[in-house]
Structures are given as C-alpha cells and as structure tokens.
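Notes to accompany the following structure.
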Amino acid sequence: DARVTQTPRHKVTEMGQEVTMRCQPILGHNTVFWYRQTMMQGLELLAYFRNRAPLDDSGMPKDRFSAEMPDATLATLKIQPSEPRDSAVYFCASGDTNQAYGYTFGSGTRLTVV
Amino acid sequence: AQSVTQLGSHVSVSEGALVLLRCNYSSSVPPYLFWYVQYPNQGLQLLLKYTSAATLVKGINGFEAEFKKSETSFHLTKPSAHMSDAAEYFCAVTGSGNTGKLIFGQGTTLQVKP
C-alpha cells in the first residue's frame, strides 16, 4: 500500500531550538496538508499546498512556523524557535486534486518541547 | 465555508451493541464528507466517504453512514460493536469546489465494554 512517510516519529527538544519535520507524500499526489493535534484543540489545519504552492497557511503562527515544499516528494514544517506550547502530534496528509478520494495520513511526528 | 460538529466527545457501548456516532455539518457548497478512525499512537485512517453518489455509504470494518441533506447530518453506525472498534473517530468535510480544504470535527472517543 502507498503511504505517507513522516520523519522523525518522535522528537524531544529544548525550548528555543529549531525543529524540522519532514513528510514524503504519496507519489503522484499533488495536495499536501499539515495538521497539529492536541488534546485541547483537536485537529488543527496549519497549512496546505497544491502543486507545491501554498494555498492556505492561515492556521499557522507566522512568527515561528514555516512550511515549504522544496520538491514534489518532500514537504517540511519548521518551528524556530520552539516553545513548550508547540508540543503536539503533527500530521501530514496527501491527496490528489479530486478531493472526493479522501486524503491519506502519515503516522505523525510527536513533538515534545521541554 | 465548512464546519463539522460531532455530538458527544465520548460514547460507550457494550460489545455487540449498536454503535451510533453523530456528525452534523455546515457547508456553503455541496459537501464531500468523510469519517476517519484513529487508533492509539497512529495516524488517521479513512473509514468511508460520501461524494454525492449513493446517500448510504458502506466503509471498512462493517461501518456505514447515511448522508441526510435535510438534516445536514452524516452519522456513523455499526450494527454490532467489537472490542477492536475502540478508537477515536473523526468526521470531516470538504467542499466539492476546488479548494480541497479538509475540516475536522472535534472527534468522538468510542469505548467498547466487554
């Protein structure tokens, strides 16, 4: 089965450090989402891309978060500087232009900022 | 704009009993609707989807959902709960336009008692 691959699976870092999370979407998928999941807020959409171009990043704190797609096989989410409140599970999902097919999620990156 | 409301953050049923998880949506365009399941420490897995074809949709693991436009609902059901169904369930909506933005409800945790 095709899958979305996220790395790392777990990350513990100190406050103030830079964190980079990576996502390899399914080959051929042109839409990529980044979500953050916490107990308090549930699943929040941070940003999404179509054909590598950002369509909406209104859910992302702009001062410290950035999302990019350097090429069609890699999406990155960067936090600089990280803060304890960024502790969450970050999910990447990919799909194609016809959203009727639904989206495939990766296993997530569990980030802990101490 | 789209939004989703899941009624009941926790649902508890006995093994073998009917499972009913409620989802109501709001959408300014004809919606596509999805149910995802999340097992502990895993990503989200697509259970089933409604994309304007049949209003009664069958998914994996014996789940089904019925789209009711008049009630703006897309409730998830399973005739007989199994212990392995214990998980968190998310309803999601996206517009049938070309935006592709997938919006999730807050999730419902299903507990299955022996």
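Can we say residue B:72 is at pLDDT 90 or above, over 12 Å from the mean Cα position of the chain (by Cα), surrounded by fewer than 20 Cβ atoms within 10 Å (Cβ to Cβ) and away from every other protein chain (no Cβ under 14 Å)? Here the answer is yes, as residue B:72 does meet what is asked.
Screening B:29, B:19 for residues that are farther than 21 Å from residue A:35 by Cα, hydrophobic (A, V, I, L, M, F, W, C), at pLDDT below 95 and surrounded by fewer than 21 Cβ atoms within 10 Å (Cβ to Cβ) leaves exactly one candidate, B:29. For the range A:49-59, does any single residue satisfy the condition of being of a type in the set (A, V, I, L, M) and either more than 9 Å from every other protein chain (Cβ to nearest Cβ) or within 17 Å of residue A:6 (Cα to Cα) (or both)? Taking every residue of the range A:49-59 in turn, at least one turns out to be of a type in the set (A, V, I, L, M) and either more than 9 Å from every other protein chain (Cβ to nearest Cβ) or within 17 Å of residue A:6 (Cα to Cα) (or both). Residue A:73 satisfies every condition listed in (1) under 22 Å from residue A:2 (Cα atoms); (2) exposed (fewer than 14 other Cβ atoms within 10 Å of the Cβ); (3) more than 14 Å from every other protein chain (Cβ to nearest Cβ); (4) in contact with a Ser or Thr (Cβ under 9 Å, 6 or more places away or on another chain) except (4). Of note, residue A:82 does not satisfy the criterion of being buried (at least 21 other Cβ atoms within 10 Å of the Cβ), in contact with a His (Cβ under 7 Å, 6 or more places away or on another chain) and more than 10 Å from chain B (Cβ to nearest Cβ). Only a single item in (1) of a type in the set (A, V, I, L, M); (2) without any contact (Cβ under 8 Å) to a residue 60 or more places away in the chain; (3) closer than 16 Å to residue B:75 by Cα is not met by residue B:11, and it is number (2).
Filter the range A:9-63 down to residues that are assigned to a strand (DSSP E or B) and basic (Lys, Arg) and give me whichever is surrounded by the fewest Cβ atoms within 10 Å (Cβ to Cβ). Only one residue tops the list, namely A:22. With the condition kept exactly as written, say whether any residue in the range B:55-63 is among the aromatic types (Phe, Trp, Tyr), surrounded by 15 or more Cβ atoms within 10 Å (Cβ to Cβ) and within 14 Å of chain A (Cβ to nearest Cβ). No; the residues of the range B:55-63 include none that is among the aromatic types (Phe, Trp, Tyr), surrounded by 15 or more Cβ atoms within 10 Å (Cβ to Cβ) and within 14 Å of chain A (Cβ to nearest Cβ).
Residues that are within 10 Å of chain A (Cβ to nearest Cβ), hydroxyl-bearing (Ser, Thr, Tyr) and part of a loop (DSSP other than H, G, I, E, B) were ranked within the range B:32-52; the one that is surrounded by the most Cβ atoms within 10 Å (Cβ to Cβ) is B:51.
Checking each residue in the range A:75-114 for being of a type in the set (Gly, Ala, Ser) and more than 17 Å from residue A:17 (Cα to Cα) picks out A:75, A:93, A:94, A:95, A:100, A:102, A:106, A:107, A:108.
The values are calculated or read from the model by the stated rules, or taken from the named source; none is laboratory data. Fair warning: this is a prediction, and the values are worked out from it, not measured in the lab. Ideal geometry is used to build each Cβ from the backbone, glycine not excepted, and the neighbour counts take in all protein chains shown.
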